[in-house]
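Working notes, beginning with the structure itself.
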Amino acid sequence: MKKILIFGVSGLTGYKIAKNASSKYDVYGTYNVRPTKLENCNTFKLDLIQADQVHKIFAEIKPDIVVNTTALHNVDYCEENKNQATQVNMEIVKTLYGNSEKYNSRLIHISTDYVFDGKETRPYAESDKALPISVYGQSKLDGENVLAKSNHVTIRPSVVYGWTPLELAGTMSSSGKPMNFALWVLTKLNKKEPLKIVTDQFASATLADSLAESILKIAETDRSGLYHVSGISCESRYDFTIKLAEKFGYDTSLISPTTSTSFVQKAKRPSYSCLDCQKAIKEFRLKLLTTNQSLDVMKSQVEKEAPYLLGKK
């Protein structure tokens, strides 16, 4: 059986990949801050910044597939910690690339829609010029550029969300990144706390389960390059939040619209970062989901594993 090594199984995407991969691979996963144990997955504590630790794990496992889901995601934190953002979002990619070449591993690296400036009014294609407007976006683009002419794969999703029990355990990442947006909304609504959500930031929110499934499908091929893999709905954070509340049975009157100018944020966000995924859909025959389809999947998981998060509407 082939071996897959997932960097970041304590994160949402890494967790979903590990859960989905066990039927086809021997699964190995690393975590740093959040200790993680998963069924059918050998997990290790690893500090990716320590290159010697990365060399050692490659030498021991000799993975066929490597997936890097790690990043310094906290956009405002990155704005004030440029060196750390560069180290995690770019230098680590260099280390993984070097080791993947040495051990003939297929590397799949996860980037972000935040490499765009948000000035477009139609979904961004892979051929559109990346013009980051934040330190986070630039550091992620620098990471992409490490693999630009390689035989490996870079994937850009957009606002990844989903159900995971790990994020409710209460341990934040090293940069203080809170739980994913959808789970954060559900916990707030569950406590009947009012929410102000922006109407002027548009994205293609991506269910982690769908992203994980797509990554494993791409891993089975020998194609390389840059691909957009996200949800296929393009909508504002506010519209997404209303759909989420309705799907999970919450009163939408708790949610009020606002604009990004009402929030003081250290880093700029693109006002529009919806993604065109036609290239990936055609080349890999992916079945990407609308927001409604994605929320149905998430709801079915919550009904089984955390029914207390459902509304009483």
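The values are calculated or read from the model by the stated rules, or taken from the named source; none is laboratory data. Keep in mind the model is a prediction, meaning the values are calculated, not measured. Glycine gets a Cβ as well: all are built from the backbone with ideal geometry, and neighbour counts include every protein chain shown.
Could you tell me which of the residues Asp239, Asp296, Asp276 is in contact (Cβ under 8 Å) with a residue 60 or more places away in the chain and of a type in the set (Asp, Glu)? Step by step, each of Asp239, Asp296, Asp276 is checked, and only Asp276 is in contact (Cβ under 8 Å) with a residue 60 or more places away in the chain and of a type in the set (Asp, Glu). For first residues located in segment 1-15 and farther than 15 Å from Ser111 by Cα, partners that are of a type in the set (Phe, Trp, Tyr) and crowded, with 24+ Cβ neighbours inside 10 Å and lie 6+ apart or on another chain with Cβ distances below 6 Å form the pairs Val9/Tyr15.
Only one entry of Ala280, Ala267 meets the criterion of being within 20 Å of the chain's Cα centre (by Cα) and at pLDDT below 95, and that entry is Ala267. Scanning segment 4-42 for residues that are farther than 26 Å from Arg156 by Cβ and either of a type in the set (Asp, Glu) or at pLDDT 95 or above (or both) yields Asp26, Glu39. The set of residues from segment 121-140 being crowded, with 18+ Cβ neighbours inside 10 Å and among the charged types (D, E, K, R) comprises just one member, Lys140.
Tell me which residues, restricted to segment 141-163, are of a type outside the set (A, V, I, L, M, F, W, C), in contact with a Phe, Trp or Tyr (Cβ under 8 Å, 6 or more places away or on another chain) and surrounded by fewer than 23 Cβ atoms within 10 Å (Cβ to Cβ). Ser150, His152, listed by residue number. Going by the structure shown, is Ile215 in a loop (DSSP other than H, G, I, E, B) and either within 16 Å of the chain's Cα centre (by Cα) or buried (at least 22 other Cβ atoms within 10 Å of the Cβ) (or both)? No: the conditions fail for Ile215.
Val54 falls short on exactly one of the conditions (1) surrounded by fewer than 18 Cβ atoms within 10 Å (Cβ to Cβ); (2) touching a helix residue (DSSP H, G or I) at 6+ places or on another chain (Cβ under 8 Å); (3) under 19 Å from Gly143 (Cβ atoms); (4) not acidic (Asp, Glu), and that condition is (1). Under the condition of being over 20 Å from Gln301 (Cβ atoms) and under 18 Å from the mean Cα position of the chain (by Cα), the residues counted in segment 30-49 number 5. Of the residues making up segment 3-13, those that are in contact with a Phe, Trp or Tyr (Cβ under 8 Å, 6 or more places away or on another chain) and either under 17 Å from Gln301 (Cα atoms) or surrounded by fewer than 24 Cβ atoms within 10 Å (Cβ to Cβ) (or both) number 2. Close contacts from segment 142-163, counting a first residue that is in a strand (DSSP E or B) and a second that is among the charged types (D, E, K, R), with Cβ to Cβ under 6 Å and a gap of 6+ residues or different chains, come to Thr154/Glu144; Arg156/Asp113. Annotation note: Cβ proximity below 9 Å between a residue of segment 34-53 that is in contact (Cβ under 8 Å) with a residue 40 or more places away in the chain and a residue that is of a type in the set (Gly, Ala, Ser) and surrounded by fewer than 18 Cβ atoms within 10 Å (Cβ to Cβ) (sequence gap 6+ or interchain) occurs for Arg34/Ala169; Ala51/Gly98. Could you tell me whether Ser10 is over 15 Å from the mean Cα position of the chain (by Cα) and among the hydroxyl-bearing types (Ser, Thr, Tyr)? So Ser10 fails the test.
Among all residues of segment 115-133, there is at least one that is without any contact (Cβ under 8 Å) to a residue 12 or more places away in the chain and in a loop (DSSP other than H, G, I, E, B). Just wondering, is there one or more residues in segment 268-283 that are surrounded by fewer than 18 Cβ atoms within 10 Å (Cβ to Cβ) and either in a loop (DSSP other than H, G, I, E, B) or of a type in the set (Gly, Ala, Ser) (or both)? Checked against the condition, which is being surrounded by fewer than 18 Cβ atoms within 10 Å (Cβ to Cβ) and either in a loop (DSSP other than H, G, I, E, B) or of a type in the set (Gly, Ala, Ser) (or both), segment 268-283 yields no hits at all.
Residues in segment 248-266 that are assigned to a loop (DSSP other than H, G, I, E, B), touching a helix residue (DSSP H, G or I) at 6+ places or on another chain (Cβ under 7 Å) and closer than 22 Å to Thr206 by Cα: how many? I'd like the intermediate steps shown before the answer.
Within segment 248-266, the first condition is being assigned to a loop (DSSP other than H, G, I, E, B), and the residues that meet it are 248-251, 259, 263-266.
In the following step, the residues that additionally are touching a helix residue (DSSP H, G or I) at 6+ places or on another chain (Cβ under 7 Å) were identified as 248, 250, 265-266.
Then drop every residue that is not closer than 22 Å to Thr206 by Cα, which leaves 248, 250.
Qualifying residue count for the region: 2.
Determine whether Ser111 is under 17 Å from Ala219 (Cβ atoms), out of contact with any helix residue (DSSP H, G or I) (no Cβ under 6 Å at 6 or more places or on another chain) and either buried (at least 23 other Cβ atoms within 10 Å of the Cβ) or at pLDDT 95 or above (or both). For Ser111, the condition - under 17 Å from Ala219 (Cβ atoms), out of contact with any helix residue (DSSP H, G or I) (no Cβ under 6 Å at 6 or more places or on another chain) and either buried (at least 23 other Cβ atoms within 10 Å of the Cβ) or at pLDDT 95 or above (or both) - is not met.
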